[in-house]
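Engineer: My questions all concern the structure below.
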Amino acid sequence: MPVAFSLIIPAYNEAERLPPYLASVREYLEDTYPDAHEVLVVDDGSTDGTRDQVTDAAAQWPALRLVRHVRNQGKGAAVRTGMLAACGEVRLFADADGATPIDEERRLRAALDAGADVVVASRLLDAAGVTRKRHWLRRLVGWGFTTLVHALLPTAVRDTQCGFKMFRRAAAERLFAMSQEDGYVFDLELLILAQRLGYRVVEVGVNWTEIPGSKLHMSREWRKILADIRRIRRRCLASSV
């Protein structure tokens, strides 16, 4: 049965960072979307206590569901699984660390209400009342990644990788049914597909705070990420959709 709002949280070994975020999510959604929301945590093959944490929380929170991957498949695969399993008319995915507070969904929803099909949270766009707390080195790495992306792919979105993006139901179902990228850069594929399909994509500045414990280590994974970006360029730009 359709609900007003679905939140999808991909989680891989997030037993420490996920529980406090889920607590804030529950408080916010029960106030903002009472009896009209669902939360899907997609456990992407975790080997710590993530599954148990979610199972325990779900026992006291009927709107929370656990979806499992038997083995780790990647963030993109986890988000896709959640988006296609969701029922919401509005669907948001958010990182398990809670770096973007859940109440920032209001900013994205306002853009959706104004006519957007896809709304991208941004750590680079200024907005009233917005602050960011980010280590200088991570900011530098982010700048380099953004520069590379815009040199290789035709997207107007400045911050393609912020893990907080909202979709109308029809756009989510079509885009995620078409997506193929399982890893870190799945966002790029989605944004290129959305552009080619004629969806209205809007970028919105949000509050964001760096949370220790990131699973991405750019120094070790940059070769794979570069290969993924090149694959997206070849596939998406060659496709007529």
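Engineer: If I take R0 = 30 Å and measure r between the Cβ atoms of ALA36 and ALA59 in this structure, what FRET efficiency does the formula 1/(1 + (r/R0)^6) give, to the nearest 0.05?
Structural biologist: Efficiency computed from Cβ-Cβ geometry: 0.90.
Engineer: What does the charge dipole of the stretch 1-138 about its Cα centre add up to, to the nearest 20 debye, if the Cβ of each Lys and Arg holds +1 and the Cβ of each Asp and Glu holds -1?
Structural biologist: On the way: 17 positive and 21 negative charges, 116 e Å.
The dipole magnitude comes to about 560 debye.
Engineer: For VAL42, which sequence-distant residues (separation of 5 or more, or a different chain) have an amide H within less than 5 Å of its own amide H, given hydrogens modelled in the peptide plane?
Structural biologist: So VAL42 has HN proximity to ILE9, ALA11, VAL67.
Engineer: Can you list which of the trypsin sites (Lys or Arg not before Pro) found in the stretch 163-206 are DSSP loop residues with at most 16 other C-beta atoms within 10 Å?
Structural biologist: Details: sites: LYS165, ARG168, ARG169, ARG174, ARG196, ARG200; in loops: ARG200.
Within the stretch 163-206, the qualifying trypsin sites (Lys or Arg not before Pro) (loop, at most 16 other Cβ atoms within 10 Å) are ARG200.
Engineer: Let me ask something additional. Using the structure shown, list the pairs from LYS165/LYS224; LYS75/LYS224; LYS133/LYS224 with a Cα-Cα distance above 21 Å, or answer none.
Structural biologist: The pairs that break the limit, which is 21 Å between Cα atoms, are LYS165/LYS224; LYS133/LYS224.
Engineer: Further, regarding this structure: Relative to 2.2 N^0.38 Å, what does the C-alpha radius of gyration of the stretch 1-66 come to as a ratio? Two decimals please.
Structural biologist: Normalised Rg, Cα atoms only: 1.06.
Engineer: Give the accessible area for SER179 in Å² (nearest 10); use a 1.4 Å probe, count only protein heavy atoms, and leave out ligands, DNA and RNA.
Structural biologist: Estimated to the nearest 10 Å², SER179 gives 10 Å².
Engineer: From the phi angles alone, apply the Karplus equation (6.51, -1.76, 1.60; θ = phi - 60°) to the stretch 190-205 and give each ³J(HN,Hα) in whole Hz, x where the residue is Gly or Pro.
Structural biologist: 4, 5, 5, 4, 4, 5, 5, 8, x, 6, 7, 10, 10, 10, 10, x
The values are calculated or read from the model by the stated rules, or taken from the named source; none is laboratory data. Quantities reported herein were computed from a predicted structural model and do not represent experimental measurements. No Cβ is skipped: glycine too gets one built from the backbone with ideal geometry, and neighbour counts run over all protein chains shown. The area values use the complete protein model at the heavy-atom level, side chains included, leaving out ligands, DNA and RNA. Shrake-Rupley method; radii C 1.70, N 1.55, O 1.52, S 1.80 Å.
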